[in-house]
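The values are calculated or read from the model by the stated rules, or taken from the named source; none is laboratory data. It should be emphasised that the depicted structure is a prediction, and the values quoted were computed from it without experimental measurement. Cβ placement follows ideal geometry from the backbone for every residue including glycine, while neighbour counts extend to all protein chains displayed. These accessible areas exclude ligands, DNA and RNA; they are computed on the full protein's heavy atoms, side chains included. Shrake-Rupley method; radii C 1.70, N 1.55, O 1.52, S 1.80 Å.
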Amino acid sequence: MTGIAEWLASIGLGEYAQRFGENAIDLSVVRDLTEQDLKDLGVLLGHRRKMLRAIAELRGDAFPTPQTGAKPLPRDRAERRQLTVMFCDLVGSSALSARLDPEDLRAVIGAYHACIAEVIARNEGVIARYMGDGVLAYFGYPQAHEDDAEQATRAGLALVDAVANLKTDIGTELQVRIGIATGMVVVGDLTGEGAAKEQAVIGETPNLAARLQTLAQPGTVLISESTHRLTDGHFEYRNLGPVSLKGWVEPIPAWQVLRTSGVESRFEAQHKTRLTPLIGRDEEIELLLRRWQRCTHGEGCVVVLTGEPGIGKSHIALALEERLQAEPHITVRHFCSAHHTNSALHPFIRQLERVARFERSDSPAEKFAKLETLLLRSGADADRVVSPLANLLSLPPNDRYSVPELSPQKRKEMTLAALLAQLNGLAAQQPVLIIFEDVHWADPTSLELLTVTLERVPRLRVLMLITARPEFTPPWPGHAHVTTVSLTRLNRRNGAALIERVTAGKTLPDEVMDQILARTDGVPLFVEELTKTVLETGLLQERDDHYVLNRPLPSMAIPTTLHASLMARLDRLAPVREVAQIGAVVGREFSHELLSTVAGLPRERLEEALAELVRSELIFRRGEIPQAIYTFKHALVRDAAYSGLLKSRRAALHATIADAFEQRFPEIVVAQPETLAHHLTEAGLFEKAVGYWLQACKKAAMRSANLEAIAHSRRGIEASGHLPDGARKDRLELDFQFALGPCLIATQGPASNETMATFARARELCERLGDPPSNSRSCSG
């Protein structure tokens, strides 16, 4: 929130901005306003009510704790339920107690307990008991969540790091060992007397978690087989095999959790454990498996899957990868972004950063070392690939790999050759599955590289699977090894099967089923979203194996479009909707760090809001807070959230995001000036935006990414059109025309109409500025 005027505009009461300003009322004061104050200011009665509700949200009521509507069970009533139990123990506590003064030890244990409480609460667990230097925590009681095992495991990893980073004055780094188990227990029986009375958990699960904790090495997390089964796909593990535990006759399987898996795609994030079965796509999968067999025998193939949003392209790609798990192969995945359609080689840059495991905290030298290790493993000639790809990632060269002085075109050719050489090295080791998602958003240089790669595929052990929307026109000519498959919508039988999967096998009333099938028109994403919408409305009552209507079905009970469905779901999440909308202004994907900077909310409220959005499955989280990355489930979800904002509110948020990039994320400003330029343009800060569009144009031209440079120039010229007439405006446009001319010559030729028009316009501007054309670059035109 940048000011009182923006806040008033965001609630539709911008007409009072001048009155608030005249009375020196800013955001620091507005929280204290009463109804009488507003009346004295001349605010109308209806507007006073609306303003007081908004002020209540500013005071901290914006994100109330979600209520389920169900009455809590009496605390002395026992029940059976699945529970994930964590035991956490401080390593070396006896030695600490022997050498520390009791008062100092008390301070250390207090900091340790506070750290554990914060991490457990953040991951939706509860601390059941402190036992000296040990802690017992529950995930799934008293409030159950579908991802309790996952949250407990994330909490375990977070605790290992958080405790190790605790600042103490004892000269020793603290370490913990953690055991986690999941299973059926009886919970709720009261034991003990007076202040010691607590609810007991009976069953083998707590004992198993305790035994695993004793087996764990310092600084590690061990989990049971059941916990591993529930969290598989979210983390990387080390299988310890069957281990002998006190109290168990037979050895018990155990797993050490190493790190989060960094789920790559939005579709993977949606499916918590195992990929759900495909419905109605048997023919497509059979075709892909046949092409894979050809590829393994050295006859590379390409399959292009086309279809509208939500039709199932990503699901098919993930299903194929799952089918190939048992076969030796390498998977390479590229994801295009609607917000980087003019960022040269963005999908390839992100893929390299992801597989090299770059962290934002890494120094340039550390990133270079990670990249070098990755490329050496690929089998490619290091002298050919390391230097160009380090340059692509904006990493400074080191003494071993020299960077020759080259023209932009030669540098581009070297970069593309390096990426191809890396692929050749991988294909020589094992068959390669390349998944290139959302190619309709690919930047021109990526499309150029993709076209060259596609032509070489027949000579490599490679199956390339490309997904695209119907409007995508391939830039490559027809090839015998390229197959295009247009995905059709689901028929009624398959649509009904998908609905049944969403309802966990429970049937819906016929009239509800008919409306869903009629209005989703066979698009799987629409079917899933509308079914979830209906289940959340409260119109249905759950019985043993079916749902029944509580009352007659209203004519507009089910939204007629997906957009209406998504907005209805956002409206039901009204307390946290603003966070989704702020994220939508950032883009399809946004980081926790950036969102916390822009939103200006207390940490607890922001994290609670994000957790609610994740639980609603409208956004997905990858990684741990504060390094977490959030992604909207679908581009249409992002669009629905963004469209609900007032234009004035959008502009204010774009301005705040641009400022955050400049102040907090200088590496993005350097690497992606076009991103900053976009936000400044949308904020209406045209003069500042023009400078960044010019930077983006020059950066792309230096890489011979001419089409991207042309796009940036055009956006810059368009933005400069909003500036006041005069010499400064003409000079800025002239800079863009000079940058645009060589790129047009390279792509369209010197005699094209657009090229000639560009140089004619440059000559006109020179004359207007009193800069003789004979002495300017426009003469080359």
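For the reader, a short list of remarks on this structure follows.
- For the pair S643 and I170, label points projected 7 Å from Cα toward Cβ lie 5.8 nm apart.
- Calculated FRET efficiency for the pair Q325/D399, C-beta based, R₀ 30 Å, to 0.05: 0.10
- With a 1.4 Å probe rolled over the protein heavy atoms of all chains, the accessible area of F526, F665 falls in the order F526, F665, largest first.
- Descending by average beta-carbon neighbour count within 10 Å, the peptides 713-720, 14-21, 741-748 line up as 713-720, 741-748, 14-21, the highest first.
- Estimated distance in nm for a label pair at V243 and K39, the labels positioned 7 Å out from Cα along Cα-to-Cβ: 6.9
- All Cα pairs of the stretch 337-388, percent lying beyond 16 Å: 48
- Sorted largest first, extent of the stretch 8-58 alpha carbons per principal axis (Å): 22, 21, 21
- Put a dot 7 Å past the Cα of Q748, heading toward its Cβ, do the same for Q627, and the two dots end up 4.6 nm apart.
- A protection proxy built from the mean count of other Cβ atoms within 10 Å ranks the segments 253-259, 206-212, most packed first, as 206-212, 253-259.
- Kirkwood estimate for the stretch 582-646, i.e. one over the average of 1/r between Cα atoms, Å: 11.8
- Two-site FRET efficiency, L100 against R354, from Cβ-Cβ distance with R₀ of 41 Å, rounded to 0.05: 0.40
- When the surface is traced with a 1.4 Å probe over the full set of protein chains, Y642 keeps roughly 40 Å² accessible.
- For the stretch 640-754, the share of alpha carbon pairs falling in successive 5 Å distance bins from zero is 2, 13, 20, 19, 18, 15, 8, 4, 2, 0 percent.
- Taking a point 7 Å out from the Cα of D161 in the direction of its Cβ, the residues of the stretch 607-625 whose backbone N falls within less than 11 Å of it are 623-625.
- Placing one equal scatterer on every Cα of the stretch 342-464 and applying the Debye formula, the log10 ratio I(q)/I(0) at q = 0.12, 0.15, 0.22 Å⁻¹ is -0.44, -0.70, -1.50.
- By the helix-only formula, in which each DSSP H run with n ≥ 4 contributes -39500 (n - 2.57) and the sum is divided by residues, the chain has a 222 nm mean residue ellipticity of -15500 deg cm²/dmol.
- Computed from the C-beta positions of E471 and E283 and an R0 of 22 Å, the FRET efficiency is 0.40 to the nearest 0.05.
- Extents of the stretch 312-357, largest first, come to 37, 28, 13 Å (Cα atoms, principal axes, whole angstrom).
- Added length on full extension, which subtracts the Cα-Cα distance from 0.36 nm per residue, H440 to V548: 34.6 nm
- For the pair D514 and E236 in one chain, pulling the backbone fully straight at 0.36 nm per residue adds 95.8 nm over the alpha carbon distance.
- Bridgeable aspartates and glutamates around K367 (alpha carbons under 12 Å apart, same-chain partners fewer than 8 residues away excluded): E353, E359.
- With the highest mean first, a sort of the peptides 234-240, 441-447, 471-477 on other beta-carbon atoms found within 10 angstrom per residue produces 441-447, 234-240, 471-477.
- Shown here: the chain, whose C-alpha atoms stretch 98, 81, 70 Å along the first, second and third principal axes, sorted largest to smallest.
- Distances between every pair of Cα atoms in the stretch 456-558, grouped in 10 Å steps from 0 to the bin holding the largest one, split as 12, 36, 19, 16, 12, 6, 0 percent.
- Stretching D383 away from S361 to a fully extended chain increases their span by 5.2 nm, per 0.36 nm per residue minus the current alpha-carbon distance.
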